[in-house]
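Here's the structure we're looking at; comments come further down.
Read-outs: derived from the displayed coordinates by stated rules, not from any lab. On a predicted model such as this, the values are computed, not experimentally measured, just so you know. Cβ coordinates were reconstructed from backbone atoms using ideal geometry, including for glycine residues, and neighbour counts include every protein chain displayed.
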Amino acid sequence: MAKPIRAILRAMDVLAYLNKHNGANSNQVSLGISLPRGTTYRMLETFEAAGLVEQRPNGGGGYWLTHKVQQLSAGFDDETWIAAVALPEMRLLCKSIVWPVMLTTPRETEMLLRATTDASSPFVRTRYVLGHTVPMLGSSTGRCYLAHLPQSQYEATVDLIARIAPEPWCQIARDRHALDQMRRERRRRKRPQ
């Protein structure tokens, strides 16, 4: 393993301290993470120049995190554990039925492929890579997901599809009568024994 860059570790400590204490001045941060005051001050000024922290009027010289720090976590995926837990069971099912098995989760108006057993099935015509998306209304996995949502969540999701999804999915979402009928039919279907 390569040696970690100490300055980056310290910078992360500064941000973590501000987050934990809901803002602090440079002296408090310096004492809190055992970092020289001059180094702490330069880091805080650098973060302020980057828009990650701000000083507030009447804030006593303190620094607070800004909304821009949320961008640092935009790529974080807290649902990756789902695939890790599900994949062994998916492989067992694929071995039993031979057909490929896919696990998807909702993402806005689409379904996101989290795990697949494509490599284990001879019946795969098209292989999809993890991260592949399909329209919620244009896929059986998406329609099944919609069919089993609680009513309020179903309505909110369909409203979102009608507002932001591309054609033809936004048009389909606007035909609530047909969509509600599809949902009822899908909910009535029984699982195979």
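Of note:
- Dipole orientation for the chain: of the candidates Val53, Leu18, Phe123, Phe123 has the Cα lying most toward the positive pole (charges on Cβ; Lys, Arg +1; Asp, Glu -1).
- Percent RCO, i.e. relative contact order, over the chain, from Cα pairs under 8 Å lying at least 6 residues apart: 11
- Where only DSSP H runs of four or more residues are counted, the chain gives -15500 deg cm²/dmol as its mean residue ellipticity at 222 nm, each run worth -39500 (n - 2.57).
- Range in the chain, longest, excluding exposed GluC sites (Glu not before Pro) [loop by DSSP; at most 15 other beta-carbon atoms within 10 Å]: 109-193
- Look at Trp99, Trp64, Trp169 and count the other Cβ atoms within 10 Å of each Cβ; fewest to most, that gives Trp99, Trp64, Trp169.
- Vicinal HN-Hα couplings computed from phi for the stretch 6-16 (Karplus, 6.51 cos²θ - 1.76 cosθ + 1.60; Hz; Gly/Pro x): 4, 5, 5, 4, 5, 4, 5, 4, 4, 4, 5
- The chain - charge dipole about Cα centre, Lys and Arg +1 at Cβ, Asp and Glu -1, debye rounded to 20: 640
- Both radii are taken from the alpha-carbon atoms of the chain; with Rh as the Kirkwood radius, Rg/Rh is 1.17.
- The stretch 166-189 and the stretch 9-66 have Cα centres separated by 51 Å.
- The stretch 54-95 residues near the modelled Asn19 label - backbone nitrogen below 15 Å, point 7 Å along Cα→Cβ: 64-78
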